[in-house]
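> Mind having a look at this structure? Questions to follow.
The values are calculated or read from the model by the stated rules, or taken from the named source; none is laboratory data. Computed from a predicted structure; not experimentally measured. We place every Cβ from the backbone using ideal geometry, glycine too, and count neighbours over all the protein chains shown. For the accessible areas, the whole protein counts, side chains as well, though only heavy atoms, and no ligand, DNA or RNA atoms are used. Shrake-Rupley method; radii C 1.70, N 1.55, O 1.52, S 1.80 Å.
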Amino acid sequence: MKTAIQLFTIQDRNMPLPQLIDAVDGTAFDGIELATIPDNPKAAREAIESSDVSIAGMHVRSDTLESELGSVVAASETLDCDTVVIPYLNDRHFESEAAVRETATYLSNRGERLADHGLRLLYHNHGNEFTDFGEETAFDRLIEETNRHVGYELDIGWASSEGIDPLAILERLEGRCPMVHVRDMNHDTHTSVELGDGDVDVFESVQAARNAGCEWVVYEHDHPDSAADSLEVGGRTLLDMVERAGG
């Protein structure tokens, strides 16, 4: 199981992407996850190839995936990146059981289209997917109703902040969750904090991710006080957890 950083974490450094990649190079992280399609995928690929980091995946907005599929596929091919992640869908997609069925169909169709190009689709949750439907949540229904072309990038911080046990979800997603966002959060404020400073049992989640067959654990912090410090400390802390979990 490898470690990566979602580059959104260090975006306030206001560096061009090749320089952000260079900043990650030499830290404890094995790789990066792109927050969006690079303006210059070729330059990003060259920066990655000249570094010791690899690319775990790329976040792509759902509307971009819908309207610019060709550009998404071309960028993925240039970057040698086979994983596309939809990072967010708004509340209306999860407000009712009918809405969840429509969302599952939508994601399944997008996953099939990407699979035709040798790419896999993952969905990354926030908190709005956990609408309570009684014995299940909207996210439970989404897992049930999406087809094999849809995988998941579980964000343990957002799930935990909504009162959901990420360990149980990871067990359920075994084989369907190649990437996990490792985010610690203050449950009272619903805000990101440094690993170990919040209310999420991060280490137990890393162990569960390993048991579920995850390939990458990805560190994310929405608004660190210092991007440089968060990059260094987050990398070391996450690597230590992965090693303690058995690699």
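> In whole percent, and with a 1.4 Å probe on the protein chains, what portion of the accessible area of the chain is carbon and sulfur?
That share works out to 41 percent.
> For region 30-75, give the magnitude of the charge dipole about the Cα centre (Cβ charges: +1 Lys/Arg, -1 Asp/Glu; no others), in debye to the nearest 20.
With only Lys, Arg, Asp and Glu charged at Cβ, the dipole is about 80 debye.
> Using θ = phi - 60° and the Karplus form 6.51 cos²θ - 1.76 cosθ + 1.60, what ³J(HN,Hα) does each residue of region 98-104 get, whole Hz, x for Gly and Pro?
Result, ordered by residue: 5, 5, 5, 4, 5, 5, 4 Hz.
> Oh, and also: Rounded to the nearest 5, what % of DSSP beta bridges with both residues in the chain are antiparallel?
In the chain, DSSP labels about 10 percent of beta bridges as antiparallel.
> Here's a follow-up. Let me know the Rg and Dmax you get for region 75-195 when you use only its Cα atoms, in Å.
Reported Rg and Dmax, both Å: 14.5, 45.
> In terms of modelled amide H atoms, which long-range or inter-chain residues lie less than 5 Å from the amide H of VAL150?
The answer is none.
> Relative contact order of the chain, please, whole-number percent, based on alpha carbon pairs below 8 angstrom and at least 6 residues apart.
That works out to 21 percent.
> List the GluC sites (Glu not before Pro) in region 152-183 that DSSP assigns to loop (not H, G, I, E or B) and whose Cβ has at most 16 other Cβ atoms within 10 Å. Which are they?
GLU174
> Do any trypsin sites (Lys or Arg not before Pro) in region 118-159 lie in a loop, going by DSSP, with at most 14 other beta-carbon atoms within 10 Å of their beta carbon, and if so which?
Of the trypsin sites (Lys or Arg not before Pro), the ones in loops of region 118-159 whose Cβ has at most 14 other Cβ atoms within 10 Å are ARG148.
> At 7 Å along the Cα-to-beta-carbon direction for both GLU95 and LYS42, put a label point, then send me their distance in nm to one decimal.
A separation of 4.5 nm, rounded to one decimal place.
> Where does the chain land at 222 nm, in deg cm²/dmol rounded to the nearest 500, when only DSSP H runs of n ≥ 4 count, each adding -39500 (n - 2.57), divided by all residues?
Calculated from helices alone, the mean residue ellipticity at 222 nm is -12000 deg cm²/dmol.
> Would you please calculate the Kirkwood hydrodynamic radius of the chain over all C-alpha pairs and express it in Å, rounded to one decimal?
After inverting the mean inverse Cα-Cα distance, the result is 18.1 Å.
> Please give the net charge around ARG244, taking every other residue with its beta carbon less than 14 angstrom from that of ARG244, where Lys and Arg add +1 and Asp and Glu add -1.
Summing Lys and Arg as +1 and Asp and Glu as -1 gives -2.
> Rank THR237, THR83, THR189 by mean-square fluctuation in a GNM of the chain with C-alpha springs under 10 angstrom and give only the top-ranked residue.
THR189
> Around SER54, which amide H atoms from residues at least 5 apart in sequence, or from another chain, sit under 5 Å from its own amide H, with H modelled in the peptide plane?
GLY31, ILE32
> Taking amide H atoms as placed 1.01 Å from N in the peptide plane, list the residues 5 or more away in sequence, or in a different chain, whose amide H sits under 5 Å from that of VAL85.
Residues meeting the amide H criterion: MET58, HIS59, VAL60, LEU122.
> If you don't mind, there's one more thing I want to ask. Given the options SER226, SER192, SER205, which has the most mean-square fluctuation in a GNM of the chain, springs set between C-alpha atoms less than 10 angstrom apart?
Top of the fluctuation ranking is SER226.
> How far, in nm, would the chain grow between GLU68 and ASP25 when pulled straight, counting 0.36 nm per residue and subtracting the alpha carbon separation?
This chain segment gains 12.4 nm when fully extended.
> Can you give the relative contact order of region 114-219 as a percent, counting alpha carbon pairs under 8 Å and 6+ residues apart?
Taking the mean separation of contacting Cα pairs over the length of region 114-219, I get 24 percent.
> Still on this model: Could you put ASP225, ASP80, ASP199 in order of accessible surface area, largest first, with the 1.4 Å probe and the full protein assembly present?
Sorted descending by solvent-accessible area, the residues read ASP225, ASP80, ASP199.
> Step through the residues of region 163-170 one at a time and calculate ³J(HN,Hα) from phi using the Karplus curve (6.51 cos²θ - 1.76 cosθ + 1.60, θ = phi - 60°), rounding each to whole Hz and writing x for Gly and Pro.
x, 9, 7, x, 5, 5, 5, 4
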